[in-house]
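S.K.: Below are the structure tokens for one structure; questions will follow.
The values are calculated or read from the model by the stated rules, or taken from the named source; none is laboratory data. Owing to the predicted nature of the structure, the values given are computational and were not obtained by experimental measurement. Cβ placement follows ideal geometry from the backbone for every residue including glycine, while neighbour counts extend to all protein chains displayed. The accessibility values were calculated without ligands, DNA or RNA, using every heavy atom of the protein model including side chains. Shrake-Rupley method; radii C 1.70, N 1.55, O 1.52, S 1.80 Å.
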There are 2 protein chains.
Amino acid sequence: MSVPLYQHVYDTIIARIVDGDLGPGAMLPSETDLGRELGVSQGTARKALIALEQRGILQRRQGRGTFVTTTTPERDHFHFFRLRLADGSEASPELESERVSRRAATEAERALFGEDDVFEIERGRSVAGRVVVREVSSLPVTLFPGLADRAPLPNALYALYQQSYGIAIAEADEQLQAVLASEDDATLMGIDLGTPLIQVRRKAIDISGRVVEQRLSRYLTDALHYAVTLR
Amino acid sequence: MSVPLYQHVYDTIIARIVDGDLGPGAMLPSETDLGRELGVSQGTARKALIALEQRGILQRRQGRGTFVTTTTPERDHFHFFRLRLADGSEASPELESERVSRRAATEAERALFGEDDVFEIERGRSVAGRVVVREVSSLPVTLFPGLADRAPLPNALYALYQQSYGIAIAEADEQLQAVLASEDDATLMGIDLGTPLIQVRRKAIDISGRVVEQRLSRYLTDALHYAVTLR
DNA sequence: GAGTGGTCTAGACCACTCT
DNA sequence: GAGTGGTCTAGACCACTCG
């Protein structure tokens, strides 16, 4: 019993999602059926399902069933976009401008993605009519074939990654620093050169543990703030 | 069964910690004994214990037992202090300066704490010889009697709150904005006026759900960054 | 009413820690 | 070896959802 049985159930479900056997929104077998299929008891299957629910990969509802989480635009924005209004309510960002291109990877990107080319997406986002976000994302081209041809891209990129490429983002690691607005920032946001901004370097990690996107964002935080809870 | 049995176990343990019956580091009864004592099965007691472990309130180790989490300076720093070095490793902050005083609460503090007086702690912290943090904390006086007389306070305040006042911090809500260094910031940190800083407004919440501290911090992030993981 | 997840039990055995 | 948490089972009943 070096590897617990519930771990096997857990890994099996992850594999089925990664392989596309279970797409976004797909319903899983009941606890009893899943246990029978994999040769474990209902309680053991249940333990794996609960762990997957806690990681946000599955959603369970009493009386309905267990489903693969669909990365809706709502979840994408609320969970992975941390800008909030002064009263703590969600800020709904709207897409203001976009530029999608393909270019050679930097050395850091080659090390991160193991590829020579990346797509680069530069976007401006506005809240309440003011441009407050400027972000530049880079993605390995082989994971996202034909991405540039899909422009203009939808507001919520992670929902697109899951719907169109079967890549589900499970985690994002962010590193924040305070910077001064550059000329590009100032032009896009309509602010003075040297306005203080929060710069965020994000690595987005999918459920199989790969880094699938890197993003450099700059947030104007005079009316908004970046909210986070530590537990 | 409107309220599950494991919830009763959960609440009972929280109450014992809040009441001081279970202090930091105290060992709990075994799952079997706890279940017998509270009239539930071992599995039900176990479920409550695991939930408390996931909130960071208990620590469990196979073969040893279940213990009330001690807020060590290490946990305090690593978990509730998010500044990291460029390579992601922990930045160990050292206390550089301190001022403790008692003053009348602001209107916001009165609403938050329900008290008329607060202690105010202003501190500077350094990493690798440079002052990079300036923080001002305020605490309701009745929860922390005699705090001002304890100056100089230890580096890790949350460990002090638990050891000396039985108040265990379980959660911290932070709101981040980018600001420019004021004259006070510049003097303390030895930087130019107008250097960009990350300003953090934190509310610290204990295991019984009370807000027990408010803190306004400013971080110099030229060599460090504020790191956070979204799941 | 059939099917789902949520709670709860009683009992078994394994793996780890400490003395 | 005694005591702890970790895994696993089989079965029961409750609560919710939906046709």
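S.K.: Hey, does region A:98-105 have a residue that's touching a residue at least 60 places away in the same chain (Cβ under 8 Å) and more than 16 Å from DNA strand D (Cβ to nearest atom)?
M.R.: The answer is no; no qualifying residue exists.
S.K.: Right, here's the next one. Which helices (runs of 4 or more DSSP H) does region B:1-114 wholly contain that include 1 or more residues that are within 12 Å of DNA strand C (Cβ to nearest atom), more than 21 Å from the chain's Cα centre (by Cα) and not aliphatic (A, V, I, L, M)? Steps first, answer last, please.
M.R.: Working: elements: B:5-18, B:31-38, B:42-54, B:73-80, B:107-113.
Where helices (runs of 4 or more DSSP H) fall fully within region B:1-114 and carry at least 1 residues being within 12 Å of DNA strand C (Cβ to nearest atom), more than 21 Å from the chain's Cα centre (by Cα) and not aliphatic (A, V, I, L, M), they are B:5-18, B:31-38, B:42-54.
S.K.: So, in region B:47-73, how many residues would count as being of a type in the set (Gly, Ala, Ser) and within 11 Å of DNA strand D (Cβ to nearest atom)? First the steps, then the outcome.
M.R.: Step one: list which residues in region B:47-73 are of a type in the set (Gly, Ala, Ser), which gives B:48, B:51, B:56, B:63, B:65.
Checking the rest, the ones that are also within 11 Å of DNA strand D (Cβ to nearest atom) come to B:63, B:65.
Final tally of qualifying residues: 2.
S.K.: Further question: Looking at (1) within 9 Å of DNA strand D (Cβ to nearest atom); (2) open to solvent by less than 40 Å² (accessible area, probe 1.4 Å), find the lone condition where residue B:44 falls short.
M.R.: Of everything listed in (1) within 9 Å of DNA strand D (Cβ to nearest atom); (2) open to solvent by less than 40 Å² (accessible area, probe 1.4 Å), residue B:44 misses just condition (1).
S.K.: Quick one: residue B:175 ticks every box in (1) touching a His at 6+ places or on another chain (Cβ under 6 Å); (2) more than 7 Å from chain A (Cβ to nearest Cβ) bar one, so which box is it?
M.R.: The single condition residue B:175 does not satisfy is (2).
S.K.: Still on this structure, please answer the following. In region B:180-231, which strands (runs of 3 or more DSSP E) lie fully inside it and hold 2 or more residues that are facing another protein chain (nearest Cβ under 8 Å) and of a type in the set (A, V, I, L, M)?
M.R.: In region B:180-231, the matching strands (runs of 3 or more DSSP E) lie at B:196-206, B:225-230.
S.K.: Another one. From the list B:172, B:168, B:204, B:223, exactly one residue is touching a residue at least 12 places away in the same chain (Cβ under 8 Å) and farther than 30 Å from residue B:70 by Cα. Which is it?
M.R.: B:223
S.K.: Please state which of the following conditions residue B:76 fails to meet, knowing it meets all the rest: (1) without any contact (Cβ under 8 Å) to a residue 40 or more places away in the chain; (2) within 14 Å of another protein chain (Cβ to nearest Cβ).
M.R.: Exception for residue B:76: condition (1).
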